[in-house]
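Here, each number is a calculation from the coordinates, and none is a lab measurement. This structure is a prediction, so every number in the text was calculated from the model and none was measured. Every residue, glycine among them, receives a Cβ derived from its backbone with ideal geometry; neighbour counts consider all protein chains shown.
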Amino acid sequence: MTARSVAGGIGIAALLLLCPFSRAQVYPRWFLNPEEIPCEPAAIGVAPTGYYPDSTGGAFQNAVMNALRAEEEAVEGSKQFFSAGDGTAEVGTSVHETLDTSRLESLFKSLKTVRMFAIGEMTAVLVGTGGCGLSGGMDALVPLASLGTPAWTRMLPADQRFEYAVGISEPYYYESSSWLEAEKNGRLELARSLRTQVRIRQRLVTDAVLGSRYDAVWDETLTVTLRGARVVRRWRDPSTDLFMVLLRMPK
Amino acid sequence: MRILKVLIPFLLTIMMMAGCGGSKSALDATGDIPDWFTTPPVDPNFLFASKSGVSQDMQMAVEKATTEARADISRQMEIRVQGLVKNFGEEVGTSSDSQLLSQFTSASKQVTSNVLSGTRVKTQKVLKEGTGYRAYVLMQLPVGAAADQFLQSMKKDDKTYTRFRATETFKELDDEAKKFDDFKKNQGQ
């Protein structure tokens, strides 16, 4: 064992011990707090980082689609659950979002990339009209560990001028997939809070062993149009690694 | 020297596990049941339902909990309106004003058509449970929103509405609707 190999071993050990710090998440403020972006229309899109032109192009396309969604989006569908003695199970879900894509071409022409940011395997793009200027503070890189858990992750804001909803996603392989899933879940929850038709069918079941219980089928039907719904906050919980977004829509 | 040859790889492995093995998080905690789940808030201006859902998929766990909570609120609403209809029937009598009773019953059916507007996930918590997730959800619906809907429906017929205004049931609904208005004003709506 030479002094050189011992030093090498210590170096490798130091690198391994630094692993937790390499996982620290840092995002620009405009990504975490889109509410503070001082221009309209503006939207953020994400995509997995691959080859340079594909990543930014994918994120730009997603941002333009989000700008279109913010204008108007129809959410329709239904889902059914069956509840019996052994728990609740999903029977079927068919909920889809519909966009008026006739506006897409003009949005592609009018929106420009204002900011671009790459973190790990994700590329994020902020799009806006040409005159969208961000102050220096909005470009500040914010380490998530330096922030406390935002209040909106526990309780929705009390400002009743807006309808609010939180979307959550578990971590997926690509970080961008996690944010996209959280955003979609948020939009669906926003639609449900606006108007949901609930139907419940119950059946009394008598069992010699377990006694009497109610089996039930729940059915939720959605036919809602979202207008002006947009992501206003983002948060990735360092302790649970859940991705959370706060959406709001004017009432 | 031989001991060192064994010890160094062993220590390196331990360090690697400590450094890159992922942090043990709150996700590993079970039994962390929120207080609002076991003791839902009591507020005469809101209907509350607290439910939990379990699934291998996190979103499915949340959806199970929210669907069950909305179904519970829908049932509470139905029971509440059934009580109102019963009281109203006793108050006006079945034969004395059949037109008013019929209008009231029709309005009650509209309110209990199980179309819920304004249900909100007041708060939620997601925990890891075994290899899956458990989601806790507290859903709320302002009671005054239903009362408001009831009154709007009754207003459609001026004649019966004038007679309805003289009843105790109207006062009860009107109080709830006013409280709901105040709530909206306080919230800056």
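Per 0.36 nm of contour for each residue apart, how much would the distance between A:Val26 and A:Ala158 grow if the chain were fully extended, relative to their Cα-Cα spacing? Each step should come with its number before you reach the end.
On the way: separation 132, 0.36 × 132 = 47.52 nm, distance 2.85 nm.
Roughly 44.7 nm would be gained on extension.
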*When only Cα pairs under 8 Å and 6 or more residues apart are kept, what is the percent relative contact order across chain A?*
25 percent
*asked:* Within region A:222-251, list the residues whose amide N lies under 17 Å from a label point set 7 Å along Cα→Cβ of A:Glu36.
replied: A:231-236, A:246
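Grab the beta carbon distance between B:Glu78 and B:Lys156, set R0 = 25 Å, and tell me the FRET efficiency rounded to 0.05.
Numbers: r = 22 Å, r/R0 = 0.88.
Result of the calculation: an efficiency of 0.70.
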*asked:* Starting from the 7 Å offset along Cα-to-Cβ, what nm value, one decimal, do you get for the label separation of A:Lys112 and A:Ser78?
replied: 4.9 nm
*Once the dipole of chain A is set up with Lys and Arg at +1 and Asp and Glu at -1 on Cβ about the Cα centre, which of A:Tyr172, A:Gln202, A:Gly45 lies farthest towards its positive end?*
A:Gly45
*Stretched out fully, how many nm does the piece from B:Ile33 to B:Thr105 gain, at 0.36 nm a residue minus the Cα gap?*
21.8 nm
*Hey, if you put +1 on the Cβ of every Lys and Arg and -1 on every Asp and Glu Cβ in region A:98-234, which of A:Pro150, A:Tyr214, A:Leu107 ends up farthest toward the positive end of that dipole?*
A:Leu107
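Calculate how large, on average over all directions, the projected area of the Cα convex hull of region A:53-152 is; give the answer in nm² to one decimal. Each step should come with its number before you reach the end.
Details: hull surface 44.8 nm².
Result: a mean projected hull area of 11.2 nm².
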*To the nearest µm²/s, what D does Stokes-Einstein give for region A:100-149 at 10 °C and 1.306 mPa s, using the Kirkwood radius over alpha carbon pairs as Rh?*
118 µm²/s
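What FRET efficiency, computed as 1/(1 + (r/R0)^6) with R0 = 25 Å and r the Cβ-Cβ distance, is obtained for A:Asp54 and A:Arg227, rounded to the nearest 0.05?
Values: r = 32 Å, r/R0 = 1.29.
Here the calculated transfer efficiency is 0.20.
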*asked:* Test of understanding: express the Cα radius of gyration of region A:93-251 as a ratio to 2.2 N^0.38 Å, with N the residue count.
replied: 1.36
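Based on DSSP loop calls and a cut-off of at most 12 other Cβ atoms within 10 Å, the longest stretch of chain A free of exposed chymotrypsin sites (Phe, Trp or Tyr not before Pro) is what? Please list the in-between numbers first.
Numbers: sites that count: A:Tyr51, A:Tyr173.
Longest stretch, sites excluded: A:52-172.
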*Give, rounded to the nearest 20 debye, the magnitude of the charge dipole that region A:93-222 has about its Cα centre when Lys and Arg contribute +1 at Cβ and Asp and Glu contribute -1 at Cβ.*
360 debye
*Measure nothing but the geometry: give the 0 to 90° angle between the long axis through the Cα atoms of A:175-194 and the longest principal axis through the Cα atoms of chain A, rounded to 10°.*
30 degrees
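Applying 1/(1 + (r/R0)^6) with R0 = 45 Å to the Cβ-Cβ distance of A:Thr149 and B:Ala166, what FRET efficiency is obtained, to the nearest 0.05? Intermediate results must be reported in sequence, preceding the final value.
Working: r = 53 Å, r/R0 = 1.18.
About 0.25, to the nearest 0.05.
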